[in-house]
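The values are calculated or read from the model by the stated rules, or taken from the named source; none is laboratory data. Here the structure is a predicted model, which means the values were calculated and not measured. Here the Cβ is made from the backbone with ideal geometry for all residues, glycine too, and neighbour counts use every protein chain on show. When the accessible area is computed, the model is the full protein with side chains, heavy atoms only, and any ligands, DNA or RNA have been set aside. Shrake-Rupley method; radii C 1.70, N 1.55, O 1.52, S 1.80 Å.
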There are 6 protein chains.
Amino acid sequence: MKMMLPIIIFMISCLLFSFSSSLSGRDFCVADFNSPFGPAGYSCKNPQMVNVEDFSSSGILNAPIIDNLLKTGESTAFVDKIPGLNGQRVSLARVDVQPGGVVPLHSHSDATEVLAVLQGSMIAGFISSNNTVYVKSIGPGGVIVFPRGLLHFQVNSGINLSVGIAAYSSPQPNIQIVDDALFKSNLSTLLISASTFINPIEVKRLKLLFRGSG
Amino acid sequence: MKMMLPIIIFMISCLLFSFSSSLSGRDFCVADFNSPFGPAGYSCKNPQMVNVEDFSSSGILNAPIIDNLLKTGESTAFVDKIPGLNGQRVSLARVDVQPGGVVPLHSHSDATEVLAVLQGSMIAGFISSNNTVYVKSIGPGGVIVFPRGLLHFQVNSGINLSVGIAAYSSPQPNIQIVDDALFKSNLSTLLISASTFINPIEVKRLKLLFRGSG
Amino acid sequence: MKMMLPIIIFMISCLLFSFSSSLSGRDFCVADFNSPFGPAGYSCKNPQMVNVEDFSSSGILNAPIIDNLLKTGESTAFVDKIPGLNGQRVSLARVDVQPGGVVPLHSHSDATEVLAVLQGSMIAGFISSNNTVYVKSIGPGGVIVFPRGLLHFQVNSGINLSVGIAAYSSPQPNIQIVDDALFKSNLSTLLISASTFINPIEVKRLKLLFRGSG
Amino acid sequence: MKMMLPIIIFMISCLLFSFSSSLSGRDFCVADFNSPFGPAGYSCKNPQMVNVEDFSSSGILNAPIIDNLLKTGESTAFVDKIPGLNGQRVSLARVDVQPGGVVPLHSHSDATEVLAVLQGSMIAGFISSNNTVYVKSIGPGGVIVFPRGLLHFQVNSGINLSVGIAAYSSPQPNIQIVDDALFKSNLSTLLISASTFINPIEVKRLKLLFRGSG
Amino acid sequence: MKMMLPIIIFMISCLLFSFSSSLSGRDFCVADFNSPFGPAGYSCKNPQMVNVEDFSSSGILNAPIIDNLLKTGESTAFVDKIPGLNGQRVSLARVDVQPGGVVPLHSHSDATEVLAVLQGSMIAGFISSNNTVYVKSIGPGGVIVFPRGLLHFQVNSGINLSVGIAAYSSPQPNIQIVDDALFKSNLSTLLISASTFINPIEVKRLKLLFRGSG
Amino acid sequence: MKMMLPIIIFMISCLLFSFSSSLSGRDFCVADFNSPFGPAGYSCKNPQMVNVEDFSSSGILNAPIIDNLLKTGESTAFVDKIPGLNGQRVSLARVDVQPGGVVPLHSHSDATEVLAVLQGSMIAGFISSNNTVYVKSIGPGGVIVFPRGLLHFQVNSGINLSVGIAAYSSPQPNIQIVDDALFKSNLSTLLISASTFINPIEVKRLKLLFRGSG
């Protein structure tokens, strides 16, 4: 008898959900992480349950943890942490690069990036699909655009920490790092070498460095 | 005879333009400010003429000039200054608000905004179309989202300068400030009062403050 | 034993749902108000359960109820009433404005509006983000466009009822009325006055009129 | 000497155009019919030259001229007449169907239609791609949706004029009438008959009726 | 007691689902056919459960079964068979047309088609909405584009089998065949004849051929 | 006197262009390669000047020229050769891979690819942004999807020529080959090595192979 209870609660909550949603407008669609998500993003939280905390976060862009190998760290304000970004085509991140540090060659398949340097300086560059290189040293107050899907990188060749803020045209930009794709994955040395022409010995050295298998 | 020269140059440049464009891919579409623009943005510059300066700008987000009335200033990195942002759905701005300063009630019809506070603090808020208020005090490292098209504002109720970086989901977000729309325009006091229920005397006072006519 | 029944029915209906959906094309996506909705709209009803009633409604655009303060009323044919509009970027409404009536200053963050006057006349206007006013008197058979996200209004300065039909580029346009956002909400008089420069005494008068708190 | 004049004027106007456009926001993009148009619509008119007439038109939805064969007429408020609709995804039309009249089987490849009946009644219907028929009689105040790209029709089986207003999710919906495509074109009787299985004799009769050739 | 088990499993799987999804990026959204789908497509499968089989299929474009009446067959690689196509705007099909065979007059409301002929030849054509006919004989290695939503057809007037590969700008293009819409459905002879001007006797003959009712 | 002639012709053609365009619908937008192009594609050719040749091409997907290093060749049916693809989100290519040949690691920033194998077999794979490898051997009639923007490759490990047809969700997909970006460009060995951790000696070897400078 009492076993029906959770089912009934579930059905009532379904009804409530549909009622509220059919009454509300479309100002925003705050992510409900417990519901299915689709090509356009997460399902929307019941607007009655939404509050300002869904749209904001304290200290989320404070100084990030620094990676030992890359001497770089990133704090992100993406939809997984700020559900109010769901369905919006924008997000922010902070990137700190120590002297000698690098944001290695990578691309964002679904986002253009605009990087502003707040402190220190970075050599930043991207490469177009006809193999033209666009590279520049960016200092405080300077800005550079990395068009969607193109390979790009940053290095700190200075002697001070450099700090940047990056805006993305996606609520959760994916990041495909070439080194990780090849040398942190389980892609076989044979296929890596065949598809990149990198010497198998060098491939194996890099697999050790990035902890890949295969 | 020599008069034909500019026409010939024009035609040749047209041909060159079309040739190069038909050969090149679609990595980006850098704005050509001397060509027509349409609903999707400016026409694309000949890719042969594009260089890294089209994607970057030095010092563009340095401290802005402060408005006397609002005690607020904004530096923008929008497509009108960074042609490489053309056709991309993202841009950046820096906003400085002095103690007692305000970014008055406004909306961006074509952009969601994500605001990160770098220094000081701001009380920031937006109102949904069912008249719910979402307001919060944001400090350094904190972030708030203003969903597209909704009225929002910021005030600095502290005693120090506050500085923020805003990302927009548009290469050139428009900004409709309610006060300016009503009191800086030439909309008649009669129509303002009829459509807002604000007392005509108050309307006239605000018109003086914002220098409107009508 | 029989308690398993609802669960089994649920599972069977899930299967049926997925089967039918994987077989059917994508002619339309009729809203299923009992399922989650996301940034692109409601989930789709099982196409087997769809009929012409999902796409139509009798008398939905008949004369609306008139608001006492505004002397205006609106009938809407939006997706909440016509589930076949789900995922489509269009809807209709009828607006009746009595002599002396007003559709107060408002914006639709996600929709452009095209208003046709069927009967009587309206003074209709919108304001662009550079504070230019576009205003015109529209009579029967006349049409005016209100671009997406811009503040606009209508008043009936005539002596007869005016009736209009509005098309929107959204299945459920939201409506942000400036007066309601400020004076029907719980935004504090302090913040309203700070962010709009309207005299606090006037703010309080308008809060009384629109029944706001705060 | 004076021959340089038109060229100089052209160049100056180019400069003015680019200046004004780089300064203005993106509230709207009013069609400039004398400039190139692309996949997203017409080029934008210089915002300095835009006025309220670009967004409105008097009497544009007055009673249309009636076609003899179909006993139907249509007045349209599309972007070709209202340049302010450029780049917006919405437009309006009025359709008058006399008793015995018909809006023959057709589709709009780029627009969903919402039809409201103002006067009289219409039998309206559409067919989905799995050959299900959705048909209904619509009276005053009633509404029906025709999903994008699907074949649909209206007939007036009553004894009074019926009048409807249609909203489209396109600024210039195209209209492909099956009869016209087959019998008003120069498609050969052989190919028509092969691709539709309609008897060649019937094809020829219909070609006479619709004045096709081939 | 054990009856709670399926519910608990359900809840745990919900949690797992939400956790993994909030951690993963947005490289793709593989269709989960057991979850709701919306205007943008199916819900996404838990990325942890995705493997290469979701993106591929062996022999899916092998020779299709041939329809007796049309002497034509089609193999499809659409999202219903390849879940990795979900949310992507592309798919493939193979079409075999025997001598004397026909792909009858039809349209795809949501997809442009590019057809490449691999073997044999086809007379292929489409008709624009101003009733212009674009028709051509395509041989091996040749290509023709059918713009979205326009009526088109193919016939094999040769003596050999013709084979083509078609790409669509949709993961699951719908196909509206005019003959099927009219003569395989239950639309009444009266309404067919009224909306197409085809002789009722011919309508009835075609209904017999295509097995329609009504 | 006669010098005015080209100017007059130019003006008349402008007028004709605008007239015809304002009269015509929006069935398609055939590329005019002599006009500006923007973020959404090329400007549209005057519809009066369009014919079936704009939508088709004979033999365009015949066997391609084979590259010596890669033992691979590609024939493309992209918008630069088929102007009717302008503004459509689809195109086709044929790829031939000889035994031992490779389509090296690359990505398409603006297109998802669906590859069908017609003849022989290919080992095809892609890597997601969390470094999971999806790899499979595809034979005749088999299909694999490469999601937009992700790194992917194909190798022919068999003893026969393999032939595939690829559909793209773009009219002109760009192709960023990692090797070319790094080793065919003028990116300095220092920056390559810093941003990829590849040994400078190996970088220099690969620069020789791919003919890069810098």
(message) Regarding segment D:76-87, can at least one residue be identified that is touching an Asp or Glu at 6+ places or on another chain (Cβ under 9 Å) and of a type in the set (Lys, Arg)?
(response) no
(request) Would you please name the residue that is farthest from the other protein chains (Cβ to nearest Cβ), looking only at residues in segment A:123-142 that are open to solvent by 30 Å² or more (accessible area, probe 1.4 Å) and among the hydroxyl-bearing types (Ser, Thr, Tyr)? (result) A:Ser137
(request) Take E:Glu53 and decide whether it is facing another protein chain (nearest Cβ under 10 Å) and open to solvent by 20 Å² or more (accessible area, probe 1.4 Å). (result) yes
(message) D:Leu191 - would you say it is more than 19 Å from the chain's Cα centre (by Cα) and free of Cβ contacts under 8 Å to residues at least 24 places away in the same chain?
(response) yes
(message) I'm checking my understanding of the structure. Among residues of segment C:178-193 that are more than 14 Å from chain A (Cβ to nearest Cβ) and among the small types (Gly, Ala, Ser), which one is surrounded by the most Cβ atoms within 10 Å (Cβ to Cβ)?
(response) C:Ser193
(message) Among the residues that make up segment E:166-177, is at least one of them surrounded by fewer than 24 Cβ atoms within 10 Å (Cβ to Cβ), in contact with a Lys or Arg (Cβ under 9 Å, 6 or more places away or on another chain) and facing another protein chain (nearest Cβ under 7 Å)?
(response) yes
(message) Restricting to segment D:166-188, count the residues that are in contact (Cβ under 8 Å) with a residue 40 or more places away in the chain and polar (S, T, N, Q).
(response) 5
(message) Anything in segment B:56-77 that is open to solvent by less than 10 Å² (accessible area, probe 1.4 Å) and of a type outside the set (A, V, I, L, M)? List them, or say none.
(response) B:Ser56, B:Gly73
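Okay, residues lined up against (1) closer than 22 Å to C:Val52 by Cβ; (2) acidic (Asp, Glu):
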position	(1), (2)
C:Leu69	no, no
C:Phe78	yes, no
C:Pro104	no, no
C:Asp110	no, yes
(request) Among the residues of segment D:70-114, count how many are assigned to a loop (DSSP other than H, G, I, E, B) and within 26 Å of E:Val178 (Cα to Cα). (result) 9
(request) Could you please let me know if E:Thr196 is without any contact (Cβ under 8 Å) to a residue 60 or more places away in the chain, out of contact with any Ser or Thr (no Cβ under 6 Å at 6 or more places or on another chain), crowded, with 22+ Cβ neighbours inside 10 Å and not assigned by TED's automatic domain parsing to the domain that holds E:Arg89? (result) yes
(message) Restricting to segment E:24-72, and then to whatever is among the hydroxyl-bearing types (Ser, Thr, Tyr) and in contact with a helix residue (DSSP H, G or I) (Cβ under 9 Å, 6 or more places away or on another chain), can you tell me which residue is farthest from E:Gln119 (Cα to Cα)?
(response) E:Ser24
(message) Restricting to segment F:58-104, count the residues that are free of Cβ contacts under 8 Å to residues at least 60 places away in the same chain, hydroxyl-bearing (Ser, Thr, Tyr) and at the interface with another protein chain (Cβ under 7 Å from one of its Cβ atoms).
(response) 1
(request) Name the single residue, out of those in segment A:37-50 being touching a strand residue (DSSP E or B) at 6+ places or on another chain (Cβ under 6 Å) and open to solvent by 30 Å² or more (accessible area, probe 1.4 Å), that is nearest to B:Arg148 (Cα to Cα). (result) A:Ala40
(request) Among residues belonging to segment E:112-122 that are touching a strand residue (DSSP E or B) at 6+ places or on another chain (Cβ under 6 Å) and crowded, with 23+ Cβ neighbours inside 10 Å, point out the one that is farthest from the other protein chains (Cβ to nearest Cβ). (result) E:Met122
(request) Collect the residues in segment B:151-165 that are surrounded by fewer than 19 Cβ atoms within 10 Å (Cβ to Cβ) and either modelled with pLDDT of 95 or more or within 26 Å of B:Asn86 (Cα to Cα) (or both), keeping them in residue-number order. (result) B:Ile159, B:Asn160, B:Leu161
(message) For the structure I just gave you, tell me whether C:Lys204 is in the same structural domain as C:Gly84 (by TED's automatic domain parsing) and more than 22 Å from the chain's Cα centre (by Cα).
(response) no
(request) Name every residue in segment E:110-122 that is modelled with pLDDT of 95 or more and over 15 Å from E:Ile144 (Cβ atoms), in order of residue number. (result) E:Gln119
(request) Go through (1) touching a residue at least 60 places away in the same chain (Cβ under 8 Å); (2) at the interface with chain E (Cβ under 9 Å from one of its Cβ atoms) and name the single condition D:Ser162 misses. (result) (2)
